[in-house]
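Please read the structure below before turning to the comments.
The values are calculated or read from the model by the stated rules, or taken from the named source; none is laboratory data. What you see is a predicted model; the values in this text were computed from it and never measured. Glycine gets a Cβ as well: all are built from the backbone with ideal geometry, and neighbour counts include every protein chain shown.
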Amino acid sequence: MQIGKPASPDELVDRDSEVNAIVSKMRSRINYNLAVIGYRRIGKSSILTKAAHILSKGDKTVVVYFDVKKYLGDPKSFLVNLQAAIFNAYLKKLGRLERIKAKTWSLDPVGKIAEALSSKRIKGIGMEITNSPSGDIGIMPKLEFAEKDIDYMHMFLAVFKTANALAEKNGIRFVMILDEFQDIVNLHRYRGLKNILDLFRSVIQERGDSVSYIVCGSHVHLLRSILSGGKSSLFQHFTQIGVGEMDKKNSMILFNAYLDAKGQRQDNKTASSAYDLVGGQPYYLMALAEGWEPKKKISSVFQDLITSSVGSLRLYAEYVLAEDIATAQGGPMLKAILIKLALSQTGLSYSEIGKALGISTTSVVPYMNELVKTDLAVKEGTAYSIRDKIVREYLRLNMV
């Protein structure tokens with residue numbers, strides 16, 4: 001058990017309904033595409049890790065997990081790493097099923113892949129065998145990009161079609177998990193990828209019956225606009241599964257499990273108080289459990305974690321603000337609005353925000369649209385408030 005890292009399948013607390021929903025739909029005869037949606041550090045990756053673990057036990061299912069955000073430096077890096085993930089997930093399954101030893105591989109896996117690609121007339125993708133010091137076999141893709149005036153569209157489609165080809169040629173099923181999927185829109189500035197969502201729609205429309213996609217993301221407003229917006233290319237192509245906070249019972253179980261992992265005695269009273277302070281957000285609960293020691297008040301631990309210059313909750317709040325405000329348009333005014341919202345117990349309307357900052361009501365509107373788009377603020381009725389309670393407390397205690 002480790003803060004900030006996905007829980008291992010045997011350590012995951014609660015979330016049975018979400019895991020079961022994913023597994024049952026991926027095993028269904030209906031070829032679902034799923035979107036797992038929830039805010040940062042709410043447990044999405046842990047849920048997907050367990051679902052992938054269960055699905056991978058099936059002899060005919062290959063699960064590919066790919067972090068879009070991690071490999072989005074440029075289209076070449078994105079496509080080469082995605083292709084490597086597809087090849088090596090397939091290779092791992094092939095080796096397990098056929099019980100092939102490294103010394104007996106020869107060119108057989110390359111031949112199998114080349115035959116599959118040829119059957120689908122997929123061009124521009126080559127490969128070479130790689131060996132690790134431990135003797136494990138891997139495949140490194142070689143994508144043939146034109147040297148001048150690169151148009152990435154054809155290679156984008158070819159890489160995704162690889163899963164279709166391998167699935168159909170070998171009678172297996174591929175489950176493609178694309179984490180932080182909303183960031184894929186950043187590829188639109190490259191030649192051939194201007195209409196990136198249209199291209200991805202063609203990918204899922206032509207995937208056949210043996211490939212399913214699970215997309216995941218923590219920028220909830222943006223991801224929902226991509227998947228649910230009436231004008232979006234992907235409208236109605238994904239069934240959504242929401243991931244929210246845990247209830248009090250399971251929050252206390254998680255808090256106590258972390259104490260147990262630390263070698264401390266479980267403490268239901270403290271676990272209950274921790275939930276009252278931060279709710280059922282797994283990352284916040286684990287941060288409190290990490291900082292708590294017997295005879296310390298959990299409220300004092302919370303105060304230290306959110307006010308100390310090295311406190312984990314303070315550092316997290318600063319990271320969220322820095323990343324989200326950097327992607328929004330509005331500069332210093334956005335933080336000024338957030339500070340005013342942090343001081344309000346009931347939220348503020350457009351006119352109240354304008355009055356507090358000495359600007360016109362109409363000037364407030366675009367700023368609030370940006371804060372909602374980045375998930376920093378939410379609107380209830382006519383009032384806006386800060387969505388995340390830790391960000392709100394950080395601003396209230398440290399920025400005023």
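What pairs come out if I take residues in segment 18-38 that are farther than 27 Å from residue 219 by Cβ and pair them with residues that are part of a helix (DSSP H, G or I) whose C-beta lies under 9 Å away, six or more apart or interchain?
Matching pairs, first to second residue: 27/55.
Quick test for you: out of 169, 142, 148, pick the one residue that is in a strand (DSSP E or B) and outside the structural domain of residue 373 (by TED's automatic domain parsing).
Of the residues listed, the single one that is in a strand (DSSP E or B) and outside the structural domain of residue 373 (by TED's automatic domain parsing) is 142.
What pairs come out if I take residues in segment 50-75 that are under 14 Å from residue 24 (Cα atoms) and pair them with residues that are in a loop (DSSP other than H, G, I, E, B) and modelled with pLDDT under 95 whose C-beta lies under 6 Å away, six or more apart or interchain?
Filtered contacts from segment 50-75: 50/9; 50/12; 53/9.
Considering each of 186, 164 in turn, give the residue that is more than 20 Å from residue 86 (Cα to Cα) and out of contact with any Phe, Trp or Tyr (no Cβ under 7 Å at 6 or more places or on another chain).
So the residue among 186, 164 that is more than 20 Å from residue 86 (Cα to Cα) and out of contact with any Phe, Trp or Tyr (no Cβ under 7 Å at 6 or more places or on another chain) is 186.
Being at pLDDT below 90, under 24 Å from residue 61 (Cβ atoms) and exposed (fewer than 14 other Cβ atoms within 10 Å of the Cβ) narrows it down to one of 108, 151, so name that one.
Being at pLDDT below 90, under 24 Å from residue 61 (Cβ atoms) and exposed (fewer than 14 other Cβ atoms within 10 Å of the Cβ) holds for just one of 108, 151, which is 108.
Check every one of the helices (runs of 4 or more DSSP H) wholly within segment 331-400 and list those with 2 or more residues that are under 22 Å from residue 283 (Cα atoms).
Qualifying helices (runs of 4 or more DSSP H): 389-398.
So, restricting to helices (runs of 4 or more DSSP H) that lie completely within segment 247-329, which ones have at least 2 residues that are farther than 23 Å from residue 7 by Cβ and touching a residue at least 24 places away in the same chain (Cβ under 8 Å)?
Fully inside segment 247-329 and qualifying: 298-307, 312-327.
Give the residues of segment 200-223 that are over 13 Å from the mean Cα position of the chain (by Cα), surrounded by fewer than 20 Cβ atoms within 10 Å (Cβ to Cβ) and not small (Gly, Ala, Ser), sorted by residue number.
Hits for segment 200-223 are 201, 203, 204, 205, 206, 209, 221.
Out of all the residues in segment 360-380, which are more than 24 Å from the chain's Cα centre (by Cα) and touching a residue at least 24 places away in the same chain (Cβ under 8 Å)?
Once the filter is applied, which keeps residues that are more than 24 Å from the chain's Cα centre (by Cα) and touching a residue at least 24 places away in the same chain (Cβ under 8 Å), segment 360-380 yields 364, 366, 367, 368, 380.
Residue-wise test of (1) in a helix (DSSP H, G or I); (2) under 21 Å from residue 162 (Cβ atoms).
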{"site": "6", "(1), (2)": "no, no"}
{"site": "14", "(1), (2)": "no, no"}
{"site": "30", "(1), (2)": "no, no"}
{"site": "50", "(1), (2)": "yes, no"}
{"site": "54", "(1), (2)": "yes, no"}
{"site": "63", "(1), (2)": "no, yes"}
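Note down all Cβ pairs under 6 Å where the first residue falls in segment 182-205 and is under 13 Å from residue 78 (Cβ atoms), the second is part of a helix (DSSP H, G or I) and of a type in the set (Asp, Glu), and they're at least six residues apart or on different chains.
Close Cβ pairs satisfying both conditions: none exist.
Okay, residues lined up against (1) in the same structural domain as residue 162 (by TED's automatic domain parsing); (2) among the aliphatic types (A, V, I, L, M); (3) under 30 Å from residue 247 (Cβ atoms):
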{"residue": "9", "(1), (2), (3)": "no, no, yes"}
{"residue": "29", "(1), (2), (3)": "yes, no, no"}
{"residue": "34", "(1), (2), (3)": "yes, yes, yes"}
{"residue": "37", "(1), (2), (3)": "yes, yes, yes"}
{"residue": "44", "(1), (2), (3)": "yes, no, yes"}
{"residue": "58", "(1), (2), (3)": "yes, no, no"}
{"residue": "82", "(1), (2), (3)": "yes, yes, no"}
{"residue": "88", "(1), (2), (3)": "yes, no, no"}
{"residue": "92", "(1), (2), (3)": "yes, no, no"}
